[in-house]
Structures are given as structure tokens and as C-alpha cells.
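The structure appears below as C-alpha cells.
The values are calculated or read from the model by the stated rules, or taken from the named source; none is laboratory data. Keep in mind that this is a model prediction, so the values were computed, not measured. When we count neighbours, we look across all protein chains shown, and the Cβ atoms used for this are built from the backbone with ideal geometry, even at glycine.
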Amino acid sequence: MNKRNVFDVLKERGYLAQVTHEDEVRDLLGSESVTFYIGFDPTADSLHVGHFIQVMVMMHMQQAGHRPIALIGGGTGMVGDPSGKTDMRKMMTKETIDHNCRAFQKQLSRFLDFSEGQALLVNNGDWLLDLNYVEFLREVGVHFSVNRMLTAECFKSRLEKGLSFLEFNYMLMQSYDFLALYRKYQAKLQLGGDDQWSNILGGVDLIRRVEGSPAYGMTFNLLTTSAGKKMGKTEAGALWLDPDKTSPYEFYQYWRNIDDDDVKKCLALLTFLPMEEVERLGSLKDEKINDAKKVLAYEVTKVIHGEEEAKKAEAASQALFGSGGADAEVPGSTITEKEFQDHRNIIDLLHLIKLIPSKGEGRRLIQQGGIYVNDERIEAIDHTLTDSDLKDRSLMIRKGKKVYHKVTVE
């Protein structure tokens, strides 16, 4: 391949955390088309922005001529990954897992080319759910030292609180995934977030022991703020890639309002802008850093939701925070006259338009002074809206400093 080695691209943009055999991996990625995989356990019905680092890496790798396998954890999802968790995950039903797998498949196909000979989408339930347990222990379990497993980061932090035997199997299952994908698709490289390092090492070691062949692992920095906290948490919960769970406007506003110190890193990790442009924008100071945030918000929203939605979100943001303009693109709801009459209590209306997850949350927000109607702060939890609140048959609700929602009554 005559393109620049993707290993250098990933390193320069700040993705790389750990690599099992750095020189070998770099040579491999520069000399042949490599089949690699990343696993996604279906713990929800949408990917969130934390997953998007992995998706961006897959896109970079595919553009450089390598073949991605997106592995959906229909099997591992039945157990749950203990990595980074202080408590055992809630057990999900098979129906929920299957539903989430389908949602992931749909989302990933927006970012990767799954046409003939390109990326593959595989479900590890295909080989894990019908395993013969004794055969599995004899073929795979024999290669794992319990002493060494207990020193792994993903288990160490759980030993004091309690680690179930169910979860203890997870590392073996993920390692077996790598072996299964190596045997069927010649996958030589497993990628993942840095919290997956212990699990990835297990798979690399298993292939080398069972097949006597080289296999490799590479992990990426997790998406964190400069203060070290995980990014992508909002008042409403995670920042989802599904537009029905996090609207493109809310998504855009999240990036528009991140800390100045995080702008350069996010431009490098979450956009395809050239690094010279990333450096230029990331070095802007004081008020000018807002120009970089606008570029970041637009570019990330464009990658995830498409150019049209990015333009709408940008226009809505300009209308609210810029120099006026129409507010037609502000997120909103249309309700009937009857619905308005039946939900005059402000908390009832907030719940109806899904601006709050519960009425208790609505009461808390009002008590903290966080709800405004037409720029007037709502002081009482039993506040009743009147027809005079409707300006041209609509009203503007603001939650906190940044979340706007236009309610139109038909």
C-alpha cells in the first residue's frame, strides 16, 4: 500500500494507548491488508459516544485498506464484561440482547462499508451459545493461569467487592472470540478501548499457544476530559448516537460547550480534519477558541448524523446564541390544543414532551431554578401555563443554561 501507514496516523492523532508488539504491528499494517476486529457488547439499544473512538479507528483502518470485523456480543452479552465496573452488570434477556444487536448493526453500517469483500459484521452468539462446556475447558481453559488472571486490572479492582464465577469466564470467552475469528477469517489483530487490555492479551496469548501463530493487540485511549473523567455524560445520561435518544441539536450543543482544554484532543480523535488544521484550531486562545468549538461541533455531528442534520443544528445554535435568526431548527414538539389544556401544569408538560425523564426530576429542576418559559424562570412546581404564554401558538422552554425546546400548539 502506498498510502501513509495507518499506524502512524493513529499515533499522531492520539488514539494509541498500548500495543503488544509495536514494531511488528506497524510493519504488518504497512505491508499488507490486515483483517482486524473490535467487539461491541450490546448493553443498550444504541452505541454512545464512548464507542465512537473505536468506530473512528475502524473507519481510519478501512480507509487505509484494512478489513474490519465488527463483532457484536450476542454471546458475551449474556455474561457481561467486568472491566471498569465496580458491580456486576444487570443480566439481560436473550430478546433484549438480540434487539440491541440489531440496533448496533444498523448504526455501524452508517460508518463502515459492509459490501462484498469489505467489512464484516459477526455475532459471537453464533459460536459461544452452543459451546460444549467441558470441551471448551479442555481446549481453552487449560491455557489460562488463574493466578495470572487475578492480577489483571479488570479483575483486581473487583476482588474486594466480589467477583462472580460467571464474570470470571468473560476473559476466556473474549479470548476464544479472537481464536474463532482467526480460524474463520484470519483475523490477526484485536483492537479495543484501553480497559480491554487484559482481555486482548488473553486472546493474543491463546492464538499463539493453540495455533502457534502470531497475533496482536492494540488499545486506544478512552474518551476522557482533561480532568480524567469519562466524556459523553449529559444531564439526560449518555450521549447516544441514535438521534431518537440524543437529538442532533443536543449532540451538537454538547461539543459546542466542552472545556477549552479538550478541544484539540476531540478534533484529533472525532473528526477527519487534517492534523495541521487540528493544531491551528486547537491553539486558538480566549474568545477565539469558540470558533474551534463550532468547527468541532459541526464536524462531529456531520460524521455521525450527516451534513444536513449538522447544518440544521448549527443554524439552531446560531438562532439561539448567535445574532438572532429564525428558530425553526430548534428542537421541539408539536402538541394538540387538548394536550396543552390537559398538561397546563409545567411538570406535566415537561414530562409529555420528554424533556424530563420523571416528574421527580422536574420538581428538582424547578426548585433549583433550572426551568424557564419564554425566558421567565419558573419558581413554583405547581406553576400553571395559560393561553397568554403562547406566542404565535408556541412557547420556548429552556432547561438549564443550554437546552432549548420549542412547543407548538396546533
Checked against (1) modelled with pLDDT of 90 or more; (2) closer than 23 Å to Q54 by Cβ; (3) in a loop (DSSP other than H, G, I, E, B), F251 satisfies every condition except (3)
Filtering region 371-410 down to residues that are more than 17 Å from I335 (Cβ to Cβ), in contact with a Lys or Arg (Cβ under 8 Å, 6 or more places away or on another chain) and surrounded by fewer than 18 Cβ atoms within 10 Å (Cβ to Cβ) yields Y372, D375, I381
Of the residues in region 62-80 that are part of a helix (DSSP H, G or I) and surrounded by fewer than 22 Cβ atoms within 10 Å (Cβ to Cβ), the one that is modelled with the lowest pLDDT is M78
Scanning region 373-384 for residues that are closer than 23 Å to S247 by Cβ and not in a strand (DSSP E or B), the one modelled with the highest pLDDT turns out to be I378
Taking region 84-110 and the residues there that are assigned to a helix (DSSP H, G or I) and more than 21 Å from L241 (Cα to Cα), the one that is modelled with the lowest pLDDT would be K94
All conditions in (1) in contact (Cβ under 8 Å) with a residue 60 or more places away in the chain; (2) out of contact with any helix residue (DSSP H, G or I) (no Cβ under 6 Å at 6 or more places or on another chain); (3) within 30 Å of K399 (Cβ to Cβ) are true of D261 except (1)
Would you check if Q368 is without any contact (Cβ under 8 Å) to a residue 40 or more places away in the chain and in contact with a Gly (Cβ under 6 Å, 6 or more places away or on another chain)? no
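For region 102-126, how many residues meet the condition of being farther than 20 Å from H60 by Cβ and in contact (Cβ under 8 Å) with a residue 12 or more places away in the chain?
In the first step, residues of region 102-126 are kept if they are farther than 20 Å from H60 by Cβ; the result is 102-103, 105-106, 116, 122-126.
Filter again for in contact (Cβ under 8 Å) with a residue 12 or more places away in the chain, leaving 103, 105, 122-126.
Qualifying residue count, region 102-126: 7.
Would you list the helices (runs of 4 or more DSSP H) that sit entirely within region 293-372 and hold 1 or more residues that are of a type in the set (A, V, I, L, M) and modelled with pLDDT under 85?
On the way: elements: 307-321, 337-342, 346-352, 359-367.
Ranges flagged: 307-321.
Look through T224, T219, T246 and report the one residue that is under 30 Å from N290 (Cβ atoms), surrounded by 20 or more Cβ atoms within 10 Å (Cβ to Cβ) and not acidic (D, E). Reasoning before the result, please.
Details: T224 fails: surrounded by 20 or more Cβ atoms within 10 Å (Cβ to Cβ); T219 fails: under 30 Å from N290 (Cβ atoms).
Step by step, each of T224, T219, T246 is checked, and only T246 is under 30 Å from N290 (Cβ atoms), surrounded by 20 or more Cβ atoms within 10 Å (Cβ to Cβ) and not acidic (D, E).
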Scanning region 97-121 for residues that are within 20 Å of the chain's Cα centre (by Cα) and not hydrophobic (A, V, I, L, M, F, W, C) gives D98, H99, N100, R102, Q105, K106, Q107, S109, R110, D113
Margin query: When you check A268 against the structure, is it among the small types (G, A, S) and surrounded by fewer than 21 Cβ atoms within 10 Å (Cβ to Cβ), yes or no?
Written below: yes
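Here's the yes/no breakdown for (1) modelled with pLDDT of 85 or more; (2) under 30 Å from Y254 (Cα atoms):
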site: M1; (1), (2): no, no
site: V25; (1), (2): yes, no
site: L29; (1), (2): yes, no
site: F40; (1), (2): yes, yes
site: V49; (1), (2): yes, yes
site: H60; (1), (2): yes, yes
site: P82; (1), (2): no, yes
site: S115; (1), (2): yes, no
Checked pairs for region 377-395, first on the phi > 0 side of the Ramachandran plot, second surrounded by 13 or more Cβ atoms within 10 Å (Cβ to Cβ), C-beta under 6 Å and 6 or more apart or across chains, list as R393/V409
